[in-house]
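In what follows, a structure is listed as structure tokens, so that the remarks can point back to it.
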Amino acid sequence: MAGEVQVSAGVAYDLGYHVVWCPKYRRPVLTGEIGRRCDELIRTRCDERDWRVVALEVMPDHVRLFVKAHPADSPAHIANQLKGFTSRVLRQEFPSLRSRLPTLWSRSFFAVTVGAVSAMAVRRYLDSQYERPWRREGSS
């Protein structure tokens, strides 16, 4: 997935986040129809926010997501948006979740950035910032 640089007003980026979160008390409630609906809801919310889902795995006791996002969207914002949206909808659609858990998700999550840019790619970017050839020659 490295090398898929996105460009928008004033920024070029390739940011990937691996985000993991669990149901409260790590209860294995994301099975069957609940797990399938959770997967669908996460993909829906990511599409709405222009976050590209690279990989998504809904396990009975946790969710693993690898997502590409804009620099303005922090990993905390992404996790909170997805946890809040899925909790509200899943608890409305599946009353058993309300009776089993005080809240669907634990307050914590794990996030790590994924991917790397080569030194040559950084160098090409820096070199491209100079409009005059004489500046490039003097920077070496």
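Summary of values
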| read-out | value |
| --- | --- |
| For region 18-99, size of Cβ-based charge dipole, Lys and Arg +1, Asp and Glu -1, in debye | 280 debye |
| Estimated FRET transfer efficiency when R0 is 25 angstrom, pair residue 85-residue 13 (beta carbons, to 0.05) | 0.55 |
| Of 58, 29, 44, farthest towards positive along the dipole that unit charges on Lys, Arg, Asp, Glu beta carbons give region 4-74 | 29 |
| FRET efficiency, residue 6 to residue 61 (Cβ-Cβ, R0 22 Å, nearest 0.05) | 0.10 |
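No lab work stands behind these numbers, since they all come straight from the coordinates. All values derive from a computational prediction rather than experimental measurement. Note that each Cβ is placed from the backbone with ideal geometry, even for glycine, and that neighbours are counted across all protein chains shown.
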